[in-house]
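Working notes, beginning with the structure itself.
Each reported figure results from applying straightforward, stated rules to the coordinates on display, with no laboratory input. Keep in mind that this is a model prediction, so the values were computed, not measured. Virtual Cβ from ideal backbone geometry, glycine too; neighbours counted across all protein chains shown.
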Amino acid sequence: MEHAVRRSVRHDEYCPLDTTLSILSGKWKSIILCRLMQGPLHFGEIRRSIPSCSKRALAMQLAELEQDRVISKEIEADRMPVRTLYRLTDIGESLVPIIRQMDEWGRDYLQNSGYSQKASSEAAS
């Protein structure tokens, strides 16, 4: 059973909304998915694009996304060093319009709530 499905049982039934939110929840999952929306990437490329994410945390988030069948992992063993390529699956591709809509909603919410896109100055206070 997929990771997200196990976490989405409410009142003895599966909740589709909780399943979706569970797939997307995780400190680094949204940014990982946004990076992979641009095309397949090797582990090192993803890691370099998210410098504040530790190697261990990235590996864990990728494993959960793979377990939920949102991304696939391809091991390129024909070269040294061995490299791992990640890409969105068809299920992952079906999330793209939802992610884009959520991003748009969040942008509108922040703007209408008086928050800027940059949080660094607000987090310091």
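As a length-normalised measure over Cα pairs under 8 Å and 6 or more apart, the relative contact order of the range 39-89 settles at 43 percent. For the range 64-76, the Karplus equation 6.51 cos²θ - 1.76 cosθ + 1.60, evaluated at θ = phi - 60°, returns couplings of 5, 5, 5, 4, 7, 6, 8, 10, 10, 10, 10, 8, 9 Hz by residue, with Gly and Pro reported as x. Annotation: amide H-H contacts under 5 Å for residue 71 (H modelled 1.01 Å from N, sequence separation of 5 or more, or interchain): 66, 89.
Between residue 73 and residue 27, the FRET efficiency estimated from the beta carbon spacing at R0 = 22 angstrom works out to 0.65. The modelled label-to-label distance between residue 66 and residue 50, using points 7 Å beyond Cα along the C-beta direction, is 1.4 nm.
How high is the relative contact order of the range 3-110? Use alpha-carbon pairs under 8 Å, at least six apart in sequence, and give a whole percent.
Numbers: 103 pairs, mean separation 24.9, N = 108.
After rounding, I find 23 percent.
For the range 37-44, 3J(HN,Hα) computed residue by residue from phi via the Karplus equation (6.51, -1.76, 1.60; θ = phi - 60°) reads 5, 7, x, x, 9, 7, 3, x Hz, glycine and proline entered as x. When each of the peptides 13-25, 96-108 is scored by how many other beta carbons lie within 10 Å of its residues on average, the order from highest to lowest is 13-25, 96-108. Paramagnetic label reach from residue 38 (point 7 Å along Cα→Cβ; backbone nitrogen cut-off under 15 Å): within the range 76-99, residues 86-88.
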